[in-house]
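Below: one structure, written as structure tokens.
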Amino acid sequence: MLKAGVLGAGHLGKIHLKLLQQSGRYDLVGFYDPSKENAQKVSKEFGYHSFDSIEELINSVDVVDIVTPTLSHFECAKMAIENGCHVFIEKPITNTVLEAEAIRTLASQKHVRGQVGHVERFNPAFTAVKDMIGEPMFIESHRLAEFNPRGTDVPVVLDLMIHDIDIILSVVKSPVKNVHASGVSVISDTPDIANARIEFENGCVANLTASRISMKNMRKSRFFQRDAYISVDFLDKKSEVVRMKDAPESPDEFAMILQNAEGVKKQIYFDNPEVTPNNAILDELESFADAIENDTTPIVSLEQGTNALRVAQQIIDCFDE
């Protein structure tokens, strides 16, 4: 079992601690939190060992799970990697692209593995259909959330939209060509609602909307490609696939047939793939254990985490234009 320690015991940190303790792949050694009051509270309530310093934790583990505020990701990851530890870093990978590139380089030099916590990659609604998403040419994503003060220290792009940026980059096999975006600050110092248009060199266009001041929660993405439409509801864990195939000469009387101006007939087929319930955070942590033990590239690599942050930064830069 891999010895693991968690940096940060806030809301998400406590979830990671619980799942690492449950997992049969890790031996949870303990955690470090800079707030002594919070550290004592968490240690007393759940029985986890609390380290007195980051250095002490890093020296005791094989894997460091970084669940701290984004501003500290770089320093925490740097210390862990320099000590030969593998690192799991919550999204976004770091605060800046330069920091992310430095982490990637250091991890390569030290021959350690790194994974970024883009948890929607492990959402069962997405994993049920991801292999059916071939060459999407238009993508539309909406990620709307009710207001929560937690997370407003970063722009909505880094808080919410980056999930969809990562998903889109994982399915569109083409470099980004152009980025256009606009954002509005309503109650925070940084934009609370944003819209972005990402154009790829192969002609694919992705339109993304993210808001943290909505009346209801929504996390949906739709992928349009030749002869198919794929819908993923990340919130309700449901997927739908609508396919179009050449209509048979003698279709069933209940078949849905479309005919274009040239007289070509297509039959529409509806499919709701089976979505198997899971704990996405546990799955991403255990997939990282697989990557370490098998010496393979993690499902969400440091490079992919960097690419998502780079596009997110391009979107944020548009706000100042």
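The values are calculated or read from the model by the stated rules, or taken from the named source; none is laboratory data. What you see is a predicted model, and the numbers here were worked out from it, not measured in a lab. Glycine also receives a Cβ, built like all others from the backbone with ideal geometry; neighbour counts cover every protein chain displayed. Accessible surface areas use protein heavy atoms only, side chains included; no ligands, DNA or RNA. Shrake-Rupley method; radii C 1.70, N 1.55, O 1.52, S 1.80 Å.
The C-alpha atoms of the chain define a longest principal axis, and helix 11-22 lies at about 80 degrees to it. For region 103-116, backbone phi angles converted through the Karplus equation (6.51, -1.76, 1.60; θ = phi - 60°) give residue-by-residue couplings of 5, 4, 5, 5, 4, 5, 5, 8, 6, 10, 8, x, 9, 10 Hz, Gly and Pro being listed as x.
Write down the Kirkwood hydrodynamic radius of region 64-169, to one decimal in angstroms, obtained as one divided by the mean of 1/r over all alpha carbon pairs.
15.3
Note that region 75-82 has calculated 3J(HN,Hα) couplings of 4, 5, 5, 4, 4, 5, 5, 4 Hz, one per residue in order, obtained from phi through the Karplus relation 6.51 cos²θ - 1.76 cosθ + 1.60 (θ = phi - 60°); glycine and proline are x.
Considering all projection directions equally, how large on average is the shadow of the alpha-carbon convex hull of region 158-207, in square nanometres? Could you put the intermediate results ahead of the total?
Numbers: hull surface 13.9 nm².
In nm², the orientation-averaged hull projection of region 158-207 is 3.5.
When PHE200, PHE270 are compared by accessible surface with a 1.4 Å probe, the order from highest to lowest is PHE270, PHE200.
MET137 exposes around 80 Å² of accessible area when a 1.4 Å probe is run over every protein chain in place.
Over all distinct Cα pairs, what is the inverse of the mean 1/r for the chain, reported as the Kirkwood hydrodynamic radius in Å? Provide the component values of the computation, followed by the final result.
Details: mean 1/r = 0.0473 Å⁻¹.
Result for the chain, one decimal place: 21.1 Å.
In the full protein context, region 32-96 carries 48 Å² of accessible surface per residue, based on a 1.4 Å probe and ignoring ligands, DNA and RNA. Taken over the C-alpha atoms, region 138-265 has Rg and Dmax values of 18.4, 62 angstrom.
Per residue and in cubic angstrom, what volume does the convex hull of the Cα atoms of region 226-289 have? Mind showing how you got there, number by number?
On the way: hull volume 8.5 nm³, N = 64.
So the per-residue hull volume is 133 Å³.
Remark: accessible surface ordering of ARG143, ARG310 (largest first) is ARG310, ARG143, probe radius 1.4 Å. Scaling against 2.2 N^0.38 Å puts the C-alpha radius of gyration of region 200-241 at 1.40.
Protein chains only, probe 1.4 Å: how do THR276, THR68 rank by accessible area, largest first? If you can, show how the numbers build up before the last one.
On the way: THR276 90, THR68 25 Å².
Accessible-area ranking of THR276, THR68, largest first: THR276, THR68.
Take the alpha carbon atoms of region 94-156, find their radius of gyration, then divide it by 2.2 N^0.38 Å using N residues; give the quotient.
Numbers: Rg = 16.6 Å, N = 63, 2.2 N^0.38 = 10.6 Å.
Cα Rg divided by the expected 2.2 N^0.38 Å: 1.56.
Might you tell me the accessible area per residue for region 170-302, computed with a 1.4 Å probe and given in Å²?
Values: 7710 Å² over 133 residues.
With all protein chains present, region 170-302 gives 58 Å² per residue.
The Kirkwood radius of region 22-122, taken over pairs of alpha-carbon atoms, gives through the Stokes-Einstein law at 37 °C and 0.692 mPa s a diffusion coefficient of 230 µm² s⁻¹. Here LYS173 is the anchor, and the lysines within straight C-alpha reach of less than 22 Å, apart from those fewer than 8 places off in the same chain, are LYS91, LYS130, LYS220.
Which translational diffusion coefficient, to the nearest whole µm²/s, is obtained for region 254-294 from the Stokes-Einstein equation, given a Kirkwood hydrodynamic radius over C-alpha pairs, 4 °C and 1.567 mPa s? The partial results should precede the final answer.
Details: Rh = 14.6 Å.
Calculated translational D: 89 µm²/s.
Post the alpha-carbon centroid distance, region 160-209 to region 1-42, in whole angstrom. With region 160-209 and region 1-42 each reduced to a Cα centre, they are spaced 33 Å. At a 1.4 Å probe radius, carbon and sulfur cover how many percent of the accessible area of the chain? Whole-percent figure for carbon plus sulfur exposure: 48.
Hey, what number do you get for the chain at 222 nm if only DSSP H runs of n ≥ 4 count, each worth -39500 (n - 2.57), divided across all residues, to the nearest 500? If you can, show how the numbers build up before the last one.
Working: 9 runs with 99 residues, N = 321.
Value at 222 nm, helices only, nearest 500: -9500 deg cm²/dmol.
The GluC sites (Glu not before Pro) of region 187-250 meeting both criteria, a DSSP state outside H, G, I, E and B (loop) and at most 10 other C-beta atoms within 10 angstrom of the site's C-beta, are GLU249. Per-residue SASA remark: TYR229, around 50 Å² accessible (1.4 Å probe; ligands, DNA and RNA not included). By DSSP, the beta bridges lying fully in the chain are antiparallel in about 65 percent of cases.
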